[in-house]
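Okay, so here's the structure we're looking at.
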Amino acid sequence: MAGTLNKVMLIGNTGDDVKMHYFEGGGMLGRFPLATSETYTNRSTNERVTNTEWHNIVVRNKGAEICEKYLKKGDKVYIEGRIKTRKWQDDKGNDRYTTEIHCTEFTFLTPKGESDNSGGYSQQQNSPAQNQQNTAKNDNFAGQSMAKEEEEDDLPF
């Protein structure tokens, strides 16, 4: 294979509310921790073991605004993005590294009654409200299409 791929898909629970950072040019960045867990039974002790992995999620601009508005600590969310490792220096001048997931798409999975969020978002697509309108239009179009197919079924040949 000639190309490469850097893609991450996670489903987990937020560990904190979204922390926003605003820039002079009007851009913004949202950061929050995401926990994913794996549970299994230890065969020798018959004990259930849970391993939790924490991920640093970074979302930009409109996506960050939506996450800040709708995501709360503990909410379940689907994240799609790419892995990026940054190098920085601490107060003592030591090189430090952090690995982040730069989010390109997300979908809120916590049921509406448990939280105020709903819908999904993609950096390349519309906002959740626009997606709901588009879904309604597509459903209406599908209904018209089905009606036409039913009419065509009445043909004698």
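The values are calculated or read from the model by the stated rules, or taken from the named source; none is laboratory data. Given the structure is predicted, the values throughout are model-derived calculations rather than measurements. Note: ideal-geometry Cβ built from the backbone for every residue, glycine included; neighbour counts use all protein chains shown.
Which condition number in (1) of a type in the set (D, E, K, R); (2) modelled with pLDDT under 95; (3) closer than 16 Å to ILE11 by Cα is the one that ASP116 fails?
(3)
Looking at the stretch 76-100, I want the residues that are in the same structural domain as ASN56 (by TED's automatic domain parsing) and closer than 30 Å to THR110 by Cα and have a partner that is among the β-branched types (Val, Ile, Thr) and not in a strand (DSSP E or B) with Cβ atoms under 7 Å, at least 6 apart or on another chain. Which pairs are those?
From residues that are in the same structural domain as ASN56 (by TED's automatic domain parsing) and closer than 30 Å to THR110 by Cα, the pairs are LYS76/THR110.
Taking GLU53 as the residue in question, decide whether it is under 30 Å from LYS112 (Cβ atoms), among the charged types (D, E, K, R) and modelled with pLDDT of 95 or more.
On the way: under 30 Å from LYS112 (Cβ atoms): yes; among the charged types (D, E, K, R): yes; modelled with pLDDT of 95 or more: yes.
In short, yes.
Please indicate, with yes or no, whether at least one residue in the stretch 46-69 is more than 19 Å from the chain's Cα centre (by Cα) and farther than 30 Å from PRO111 by Cα.
Initial filter on the stretch 46-69 (more than 19 Å from the chain's Cα centre (by Cα)): 46-51.
Adding the requirement that they be farther than 30 Å from PRO111 by Cα leaves 46-47.
Yes, that holds for at least one residue.
Inside the stretch 1-42, can you point out the residues that are hydroxyl-bearing (Ser, Thr, Tyr) and surrounded by 15 or more Cβ atoms within 10 Å (Cβ to Cβ)? Steps first, please.
Kept after step one, since they are hydroxyl-bearing (Ser, Thr, Tyr), are these residues of the stretch 1-42: 4, 14, 22, 36-37, 39-41.
Result: THR14, single match.
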